[in-house]
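This report refers to the structure that appears directly beneath it.
Bear in mind these aren't lab numbers, they're just calculated from the coordinates by the rules spelled out. Since the model is a prediction, treat every value here as computed from it, not as a measurement. Positions of Cβ are generated from backbone atoms using ideal geometry, with glycine treated the same way; all protein chains shown enter the neighbour counts.
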Amino acid sequence: MMIKVWNNHYGKVVAEKDQHYIIDCEPCGFKHAIPLPDEKEQADFYEHSFYENYWGNYIRNHLEESEWYKIEYNEKYDLFKKFLPSPVQQTLLDIGSGPGLFLKAGCDRGWTTVGVEPGRAAWKYSTSKLALNVHNVFFNEETHTQFGTFQVVHINNVLEHLLHPQNTLLCIHDILEPDGLISVSVPNDFNPLQKAVIDYYKKDMWWVDIREHVNYFDRDSLDNLLIKTGFRPIYHTSSFPLELFILLGEDYIGNNKIGREIHNKRKKFDCAMEKSGNTNLKRKIYNKLSEIGLGREITVIGKKQTMASSL
Ligand SMILES: [Zn+2]
């Protein structure tokens, strides 16, 4: 077993790629790359390149798939409502709000929503086309108090990109109202089905991409990070375990055509369950999958703890 040390980070090496290591970092409690990428270079990437490079496809796919996305969005807003103490005015901040479709879904349900989106093109779309309240800045220690306080903070597929996810969660804790909720979704990496694929097909760890993903979470490490930063995890779910397709013989890795096909199949499953009135069964399946560490993405809802509530 190889242990690597970098600044204050150390732990067992779980992958090696592009002159970086992924370590299961003991002080941090989750897997991340070392050395960490340069802060300024990374900020520049998200401000100018991240959406711009594939902006056309990204927004088109989102719109084409709006029926499927709506299922996820409605489920989340239903859960927030269920877990909040009977709110007078429902308020939500979306960090990394992209083109703003999650915010728009909230507005349509009567929520007051605010977004934070550093990418210029995405910010522009959400403010000019959808007339949403979105700030074109990074959410960090310097900026986090300027948006107000909220009952819910939603942070979807963002934490895996951040150099200091702990700090971001502490900032979120700061601006949540008492008993407020955080909803975090991240890719579920180094999961048991990915390992099964590697065992069977002798593949590389295809999900490791240090340019985009600095951190690699699973349900336990995400829970631990939330607890460390002042939240109590109260709900877990996951999404379709896409790796099953590879084991079924549909190897979508590096193959866009098969990738699209299997993506359509997973969407079809979600939509069929929804349309046939089997939403609860579908939720039960995904909630159970998350218990055994499966699902392509994991979602955890946490409740803000204060000194008083943790006593
Ligand atoms: Zn670390």
Which are the unpartnered cysteines of the chain, meaning those with no other cysteine Cβ under 4.7 Å from their Cβ? Cys107, Cys171, Cys271
Which FRET efficiency value, to the nearest 0.05, is calculated for Thr306 and Leu244 with the Förster distance at 41 angstrom and r the Cβ-Cβ distance? 0.50
I'd like the FRET efficiency for Lys268 and Tyr10, computed as 1/(1 + (r/R0)^6) with the beta carbon distance as r and R0 of 51 Å, rounded to 0.05. 0.70
Cα to Cα, under 19 Å, and not fewer than 8 places away if on the same chain: which aspartates and glutamates meet these conditions relative to Lys81? Glu72, Asp94, Asp108, Glu177, Asp179
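Which entries of Lys257/Lys284; Lys31/Lys70; Lys17/Lys195; Lys267/Lys304; Lys76/Lys195 show an alpha-carbon separation above 24 angstrom in the structure shown?
In this structure, Lys257/Lys284; Lys31/Lys70; Lys267/Lys304; Lys76/Lys195 lie more than 24 Å apart at Cα.
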Using label points projected 7 Å from each Cα along Cα→Cβ, tell me how many nm separate Ala43 and Gln89, to one decimal. 3.2
Would you kindly state how much longer the chain becomes between Lys124 and Glu141 on full extension, computed as 0.36 nm times their sequence separation minus their alpha carbon distance, in nm to one decimal? 3.7 nm
Counting sequence-distant residues (5 or more places) and residues on other chains, those with an amide H built under 5 Å from that of Lys31 are Cys25, Tyr216
From the Cα centre of region 179-195 to that of region 96-155, the distance in Å is 22
Likely footprinting exposure, Tyr252, Tyr216, fewest C-beta neighbours within 10 Å first: Tyr252, Tyr216
For the ranges 37-46, 219-228, what's the packing order if you count other beta-carbon atoms within 10 Å of each residue, average per peptide, and put the highest first? 219-228, 37-46
Sequence-distant residues sharing a close amide H with Gln305 (under 5 Å, placed H): Phe231, Arg232
Normalised convex hull volume, the chain, alpha-carbon set, Å³ per residue: 149
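Under a point-charge model restricted to the Cβ atoms of Lys and Arg (+1) and Asp and Glu (-1), what is the dipole moment magnitude of the chain relative to its Cα centre, in debye to the nearest 20?
1000
Starting from 0.36 nm per residue, how many nanometres of slack lie between Arg232 and Lys284 once their C-alpha separation is accounted for?
16.6 nm
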